[in-house]
Amino acid sequence: MAFEHELQKKPNPFLPWPLSPLHPAPAEPPAMSCQTPATPAISAPQPAMCPVDGAVATERAAAMSHWADAAGAHAAEKKPAAQKPVSGFDQVVNGQNGASISTADAPAEIALPRHLRRGMQRAWRHSMPHGRSQEQGGLYVRNSDGSTQWLPGASGDSGSFAVNYDDVKPEQTVLAMGHTHPYSKQEGGYRDVPFSGRDLALHVYEQQRMNVVQSGKGLFGSARTKEFDELVKARGEDGKDALFEEIEAYWDDLYTNGKGNLREKAEAATRATSEHYHLLYYAGKKGKLNKVDTSPPKPPANQHDAPPQAH
Ligand SMILES: [Zn+2]
C-alpha cells in the first residue's frame with residue numbers, strides 16, 4: 001500500500017503537528033492556524049512554534065495555581081463541604097505542587113470531563129467524510145471563571161491535524177489536546193490506533209500535560225510526568241529538538257521492527273516508548289481511561305525458585 005511505503009521514508013522531524021501512525025507526512029502543511037502567514041511553512045526548523053505559543057504558554061503556567069480552589073459560580077452559596085476528592089483527570093492535567101504528577105502517583109483511572117468527551121466524539125464523527133480519512137481535533141481549555149470548553153480546530157488531512165493553539169485566548173488555560181486517528185477502507189480500515197511517535201515526541205514542547213486520541217471507539221491518553229519533565233529539563237533548551245527526534249525515532253524503530261498489523265505495532269511501540277520516556281499511557285472507551293501497565297513482560301518465574309508444591 002502506498003502509505004505503508006511512504007512510512008519507510010524518514011519524515012521531516014520538524015513537522016510540528018501530530019500525525020497518526022503510518023500516514024505519510026504531507027508535502028505541504030495543511031493551513032496551519034498556528035502559523036503566521038509570513039512564516040515559511042515547513043522548511044524552517046521551529047517545531048515549538050505550533051504546539052507552544054510562548055506568550056500564551058507563560059501566562060498559563062502562572063494561572064495554574066489559581067484553579068485548585070475555584071469551585072465555580074455557586075461556590076459561595078455552598079457550605080464548605082468535605083474535601084472534594086481530586087479526580088484522576090485533574091491530577092494529571094494540573095499535576096501536584098506545581099510539577100507534573102510522578103509516575104508512582106499516577107491515577108489508575110481517568111474519566112474525561114464532559115466537554116472534552118463530547119468534543120472528541122464530535123471530532124470522530126467528522127473523521128471519515130465520504131469514506132475518506134480526515135483527522136479532526138481541538139483543545140480543551142479552562143476559562144478564567146473556572147468553566148471549561150472545547151475549542152474545535154480546523155479539519156486536518158488523512159494523517160495530520162494542525163493544533164489550533166491560536167484559538168486560545170490569553171486568559172484561557174489549555175488542559176488537554178485531542179485529535180483523531182481515522183483510517184479509511186483503502187488504508188486498512190483500522191480502529192483503536194493509539195499515538196504515533198510524533199504525537200508522543202510533541203510532549204517535549206507542549207504546555208498542556210495530557211493529549212488524547214480517538215480512533216473508532218478506542219480512546220487513548222498520553223501524559224507527561226515529573227520524570228519526563230526532568231528529562232526534558234536535563235537536556236536543556238538546546239537539547240529539546242534532539243530529544244523530540246530521539247523519541248520519535250525510538251517509536252518508529254519499534255514500529256518498523258514490530259510484529260503484527262498496523263494497530264498492533266503502533267500499540268506495542270506506544271507502550272514501550274511511554275515506558276522508556278516516563279510517559280503515562282491510558283486506554284479505554286466511552287470517556288473512561290485505564291492506566292496501561294507499560295512495564296516489559298517479566299520472564300516466567302524460575303521453576304527451581306518456586307515453593308515446592310504438595311501433591
Ligand atoms: Zn496523531
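The values are calculated or read from the model by the stated rules, or taken from the named source; none is laboratory data. Everything numeric here is computed off the predicted structure, so don't read it as measured data. Backbone-built Cβ (ideal geometry, glycine too); neighbour counts: all protein chains shown.
Consider the range 94-146. How many of its residues are among the small types (Gly, Ala, Ser), farther than 22 Å from Thr173 by Cα and exposed (fewer than 14 other Cβ atoms within 10 Å of the Cβ)?
Start the filter on the range 94-146 by keeping residues that are among the small types (Gly, Ala, Ser), which leaves 95, 98-100, 102, 104, 106, 108, 111, 119, 123, 127, 131, 133, 137-138, 144, 146.
With the extra rule that they be farther than 22 Å from Thr173 by Cα, the set shrinks to 104, 108, 127, 131, 133.
Next, from what is left, pick out any that are exposed (fewer than 14 other Cβ atoms within 10 Å of the Cβ): 104, 108, 131.
Total satisfying the criteria: 3.
Find all pairs meeting these conditions: Cβ atoms under 7 angstrom apart; at least six residues apart or on different chains; first residue within the range 125-149 and part of a helix (DSSP H, G or I); second residue surrounded by fewer than 14 Cβ atoms within 10 Å (Cβ to Cβ) and not β-branched (Val, Ile, Thr).
Sorted first by the residue in the range 125-149, then by its partner, the pairs are Gly131/Lys185.
Would you please name the residue that is nearest to the ligand (Cβ to nearest atom), looking only at residues in the range 170-182 that are touching a strand residue (DSSP E or B) at 6+ places or on another chain (Cβ under 8 Å) and part of a loop (DSSP other than H, G, I, E, B)? Walk me through how you get there before you give the answer.
To start, the set of residues in the range 170-182 that are touching a strand residue (DSSP E or B) at 6+ places or on another chain (Cβ under 8 Å) comprises 172-182.
With the extra rule that they be part of a loop (DSSP other than H, G, I, E, B), the set shrinks to 172, 181-182.
On the way: Gln172: 23, His181: 6, Pro182: 10 Å.
Taking the candidates together, the pick is His181.
Of the numbered conditions (1) within 16 Å of the ligand (Cβ to nearest atom); (2) among the charged types (D, E, K, R); (3) within 19 Å of Pro129 (Cβ to Cβ), Glu248 satisfies every one except a single condition; which is it?
For Glu248, the failing item is (3).
Filter the range 193-245 down to the residues that are assigned to a loop (DSSP other than H, G, I, E, B) and farther than 26 Å from Ser158 by Cα, then identify the one that is farthest from the chain's Cα centre (by Cα).
Initial filter on the range 193-245 (assigned to a loop (DSSP other than H, G, I, E, B)): 193-196, 205-209, 216-217, 224-225, 236.
With the extra rule that they be farther than 26 Å from Ser158 by Cα, the set shrinks to 224-225, 236.
Numbers: Arg224: 9, Thr225: 13, Gly236: 22 Å.
In this case the residue turns out to be Gly236.
What pairs can you find where one residue is in the range 197-211 and within 15 Å of Ala99 (Cα to Cα), the other is at pLDDT below 95 and away from the ligand (no atom under 14 Å from the Cβ), and their Cβ atoms are less than 6 Å apart, with a gap of 6+ or different chains?
Gln207/Val52; Gln207/Ala57; Gln207/Arg60
Could you run through the range 157-169 and say how many residues are within 16 Å of the ligand (Cβ to nearest atom) and over 16 Å from the mean Cα position of the chain (by Cα)?
Count: 2.
Tally time: how many residues in the range 147-168 are closer than 21 Å to Pro129 by Cβ, touching a helix residue (DSSP H, G or I) at 6+ places or on another chain (Cβ under 8 Å) and not small (Gly, Ala, Ser)?
Here the count works out to 3.
Exactly one of these conditions fails for Gly189: (1) touching a residue at least 60 places away in the same chain (Cβ under 8 Å); (2) within 20 Å of Pro21 (Cα to Cα); (3) out of contact with any helix residue (DSSP H, G or I) (no Cβ under 9 Å at 6 or more places or on another chain). Give me its number.
Result: Gly189 fails condition (1) only.
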